[in-house]
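Trainee: Mind looking over this structure? Questions follow.
The values are calculated or read from the model by the stated rules, or taken from the named source; none is laboratory data. Not measured: the values here are computed from a predicted model. Positions of Cβ are backbone-derived with ideal geometry, glycine not excepted, and every protein chain shown enters the neighbour counts. Areas reflect the complete protein model, heavy atoms only, side chains present, ligands, DNA and RNA absent. Shrake-Rupley method; radii C 1.70, N 1.55, O 1.52, S 1.80 Å.
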Amino acid sequence: MSFLEKEIGKIEEDVSNQLAQKMLRDGNLAFAFVLAAALGAIAIYCYKFGFFSLTEKRDDWGTFGDFLGGLLNPIVGIVTVFLVLLNARLQRLELRNSLREMKNTNSAMEAQNKSIEAQESQSTFFNWLSAYRGTVADLRFVSSSGFPEYSGQSALFNIYRHYLTGSEVTRMFLGRLPKNALQELLTTGDIADESDAKLAENIILQEWKNIKRKQLDNLEVPMSSVVALMEWIYSGRRGSISAAQKNEFFKILKSQLSTAELAFLFYESWTMNPGPKLIFKTYKIFDRLPSNSDHLLKFMLARASHLN
């Protein structure tokens, strides 16, 4: 419930209370009026006919009753109608107050449910992120020399360095890309000729498939897990995750991903469905990639039209 709705509710409640008090006062005045009319009628009768002592004659009592009834019956009838209408209005007011209380209770319950859902979402997010970090911590990579063995994020970084930097980049293009285009790519991160650039892009993506096949045990589960986490955040569990909470979750997740993890997701994005691509684009997942120092990444980022 917004601040304005709360203020309007308070004003309506105050007005309802004032109306209820006014109707009670009107009811008391009506009763007092009938009582005063009865006492006045008795006083007038006594004054006019000298009825100052109790008589034992039935005729006198009958005459007195007829006088009192004839005078008071119309007044009592009018006051009764007034009180019935007053009671109906008071009941309608009480019903309105009851409905308002029910609405306020429902609003409070909705706010409480949203708070519980937000806490559950937060717990699920951090548990999922912890499980992902545990999966990464169990990874192992041994270089072609057989020593040393790397683990965790260090394993991912050395997979990235082994296959996608240094002499491996030259080997990747050797005999497949014109020398002048390769020289452009290695020195500037760009290739002027579009046909050579398209060829280089295809070579890189094919090499990525080979890397993923060779390192399937190290790359498949972590990438699938982190993409599933992103999709869960983005879907928002049918609206249970607010936009602000989504932004916070993605901010935390991005801070937890290393350059190698981001690079692997980036190269894999070419083969992903539109859903993850939209997430990468919306939340700028790859804005931390080191394009200035890695010419291969710089080249591919410039050609990632599916993320623009």
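Trainee: Any chance you could check the Cα centroid distance between region 110-131 and region 287-308 for me, in angstrom?
Mentor: Each part's Cα centre sits 34 Å from the other's.
Trainee: Are there trypsin sites (Lys or Arg not before Pro) in region 132-195 that DSSP puts in a loop and that have at most 15 other Cβ atoms within 10 Å, and which ones? Don't skip to the end; give the middle numbers.
Mentor: Working: sites: ARG133, ARG140, ARG161, ARG171, ARG176, LYS179; in loops: ARG176.
Answer by residue number: ARG176.
Trainee: Now for a separate question. If each residue of separation counts as 0.36 nm, what is the full-extension length gain between PHE33 and SER242 once their alpha-carbon separation is subtracted? Write down the numbers at each step before the final one.
Mentor: Values: separation 209, 0.36 × 209 = 75.24 nm, distance 6.14 nm.
Additional length available on full extension: 69.1 nm.
Trainee: Next up: Before I look further, what does region 119-199 give for accessible area per residue, probe 1.4 Å, in whole square angstrom? Display every interim value, and only then the final one.
Mentor: Details: 4590 Å² over 81 residues.
Normalised by residue count, the accessible surface of region 119-199 is 57 Å².
Trainee: May I ask you to give the percent of accessible area on region 207-282 that is carbon plus sulfur, with a probe radius of 1.4 Å?
Mentor: Numbers: 1720 of 3440 Å².
Carbon and sulfur: 50 percent of the exposed surface of region 207-282.
Trainee: Separation between the ARG25 and THR105 pseudo-spin-labels, each 7 Å from Cα along Cα→Cβ, expressed in nm?
Mentor: The modelled label-to-label distance comes out at 3.1 nm.
Trainee: Mind giving me the nanometre distance, one decimal, between the label points for ASN273 and SER293, set 7 Å out from Cα along Cα→Cβ?
Mentor: Placing both labels 7 Å beyond Cα along the Cβ direction yields 3.6 nm.
Trainee: Here's another thing I want to ask about it. Of the cross-linked pairs LYS209/LYS254; LYS209/LYS281; LYS251/LYS281; LYS114/LYS251, which ones have a Cα-Cα span greater than 18 Å in the structure shown? Display every interim value, and only then the final one.
Mentor: Working: LYS209/LYS254 24 Å; LYS209/LYS281 22 Å; LYS251/LYS281 14 Å; LYS114/LYS251 22 Å.
Among LYS209/LYS254; LYS209/LYS281; LYS251/LYS281; LYS114/LYS251, the Cα-Cα distance tops 18 Å for LYS209/LYS254; LYS209/LYS281; LYS114/LYS251.
Trainee: Sticking with this one: Counting only heavy atoms of protein chains, what accessible area per residue, in Å², does region 202-306 have with a probe of 1.4 Å?
Mentor: Values: 4870 Å² over 105 residues.
That works out to 46 Å² for each residue.
Trainee: Rounded to the nearest 0.05, what FRET efficiency do GLU117 and VAL84 have when you use their Cβ-Cβ distance and R0 = 45 Å?
Mentor: Working: r = 49 Å, r/R0 = 1.09.
Using R0 = 45 Å, I get an efficiency of 0.40.
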